[in-house]
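To keep things clear, I will list the structure first and then write my remarks on it.
The values are calculated or read from the model by the stated rules, or taken from the named source; none is laboratory data. Everything numeric here is computed off the predicted structure, so don't read it as measured data. Note that each Cβ is placed from the backbone with ideal geometry, even for glycine, and that neighbours are counted across all protein chains shown. Accessible surface areas use protein heavy atoms only, side chains included; no ligands, DNA or RNA. Shrake-Rupley method; radii C 1.70, N 1.55, O 1.52, S 1.80 Å.
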Amino acid sequence: MVKFLASSFTILVLTLAVVKGQTNATIDIKNYPAVNQIPPITSPEVQAWLKELGDLSGAPAIPLHKGDPPACPNPPIPNECYWTCDGCAADDITACAAPNTWGLTFDDGPSTATPTLLNYLKTNKHSATFFLIGSNVIQYPDTVKREVAEGHHLASHTWSHHALTTLSNEQIVAEMKWTEKAVMEATGLRLKYMRPPYGDINNRVRYVLKKLGYIPVDWTGDAFDTNDWQMPTMAESKVIATFTKSLDAYVASNKTKGFYCLEHDLNELTVGAAQKLIPLGTARNINIASVAQCEGDTQPYQVGGTAPMPSVSGVTSSVAATSGAKTPTGSATIGTPTTAKPSNANANAKSIGTVSVAAAAALAAAIIFA
């Protein structure tokens, strides 16, 4: 274990050093589409991406839905496998593969409230996955860099947060690739996981996402939707009470798999709620982990980034990890899920070789923010 942690530290420092080298310049917003708008597919960038991607004619011929979010079709469309309305997830990830584990995820950021959440997660030694909106990444690139520096996992939540079943195949490509480009410019990492806005995904959308090398991550059903997004219409006390019941039901189950929640770092209200919800999990001895940790994925970014991807053996090669490939569950994770009651190794700065955990965190922060 000590050898693995030392190796992980070395890889983390190498990764952050390259990230820092790639991100000295501030992102120029003028080089990106309009914020929160569906990007035009006629731009040279999108046309180049479509050419690189090749033929999309194999996508299922499912008609586009209407609305944002769209209403459920009535009657249902055969063979659509529409997660939002049919509860059909196909091979989307819907549950954390690690038992007794809360897959901690936050959607819609970064925002002005995200640093407050990062402070909390750092203090409590929790790792999370942030499903980023590209329009926000170009406005707050330093926050995204900080997320990487503090050991969190980055994933995509599209460019403009429009329901993907309402968009053409080409528009989906534009939404995903502009976000990918923004995160690449900020961190040097090429995203591999994504969460569809509103959980709006069907077999046509899945086809395009997989062509792009993405793995969809939904959440573990309505019981694990914290409903934080309904505040202030829904009182925070109701959000907490409802989710408490879900956690109690989970604790009473066999817990052979973990769960993914739906939370947001959208504003101070949702971030404030997160700081009250997470302790409910740790008080019940539920582990906390990112998607990468839950899935045992030691290579949680796609090949093709400008920074090396963290892995047990070092920089990922194109042979070792193909675009979008998933590492089998049970392999070594990047770090380990945070347990409810930290051991002395977590509670204190336990030495890893000659470098302490505290020193590792300080050095990583120094590299990326220098």
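A few notes on this one:
- Conditions (1) small (Gly, Ala, Ser); (2) within 24 Å of residue 111 (Cα to Cα); (3) buried (at least 21 other Cβ atoms within 10 Å of the Cβ): number failed by residue 237: (3)
- In the stretch 255-269, the qualifying residues are those that are in a loop (DSSP other than H, G, I, E, B) and of a type outside the set (Val, Ile, Thr), and the one that is surrounded by the fewest Cβ atoms within 10 Å (Cβ to Cβ) is 255.
- Members of the stretch 144-195 found to be outside any helix (DSSP H, G or I), open to solvent by less than 30 Å² (accessible area, probe 1.4 Å) and among the basic types (Lys, Arg), listed by number: 192, 195
- Residue 12 falls short on exactly one of the conditions (1) in a helix (DSSP H, G or I); (2) modelled with pLDDT of 95 or more; (3) open to solvent by 50 Å² or more (accessible area, probe 1.4 Å); (4) not basic (Lys, Arg), and that condition is (2).
- Residues in the stretch 78-124 that are more than 28 Å from residue 253 (Cβ to Cβ), β-branched (Val, Ile, Thr) and surrounded by 21 or more Cβ atoms within 10 Å (Cβ to Cβ): 114 only.
- Picking from residues in the stretch 288-298 that are surrounded by 23 or more Cβ atoms within 10 Å (Cβ to Cβ) and not aliphatic (A, V, I, L, M), the one that is farthest from residue 105 (Cα to Cα) is 297.
- Of all the residues in the stretch 216-240, those that are touching a residue at least 40 places away in the same chain (Cβ under 8 Å) and aliphatic (A, V, I, L, M) number 3.
- Taking residues in the stretch 113-135 that are of a type in the set (Val, Ile, Thr), and partners anywhere that are assigned to a helix (DSSP H, G or I) and open to solvent by less than 40 Å² (accessible area, probe 1.4 Å), the pairs with Cβ atoms closer than 6 Å and at least 6 places apart or on different chains are 114/143; 116/271; 129/291.
- The one condition in (1) in contact (Cβ under 8 Å) with a residue 60 or more places away in the chain; (2) closer than 25 Å to residue 163 by Cβ; (3) hydroxyl-bearing (Ser, Thr, Tyr) that residue 256 fails to fulfil: (2)
- Residues that are over 17 Å from residue 137 (Cβ atoms) and modelled with pLDDT of 50 or more, drawn from the stretch 15-48: 40, 41, 42, 43, 44, 46, 47, 48
- Residue 270 in contact with a strand residue (DSSP E or B) (Cβ under 6 Å, 6 or more places away or on another chain) and among the polar types (S, T, N, Q): yes
- The residues of the stretch 148-182 that are within 25 Å of residue 57 (Cα to Cα) and small (Gly, Ala, Ser), listed by number, are 156, 160, 163, 168, 174.
- Residue match in the stretch 177-200 (condition: charged (D, E, K, R) and closer than 26 Å to residue 73 by Cα): yes
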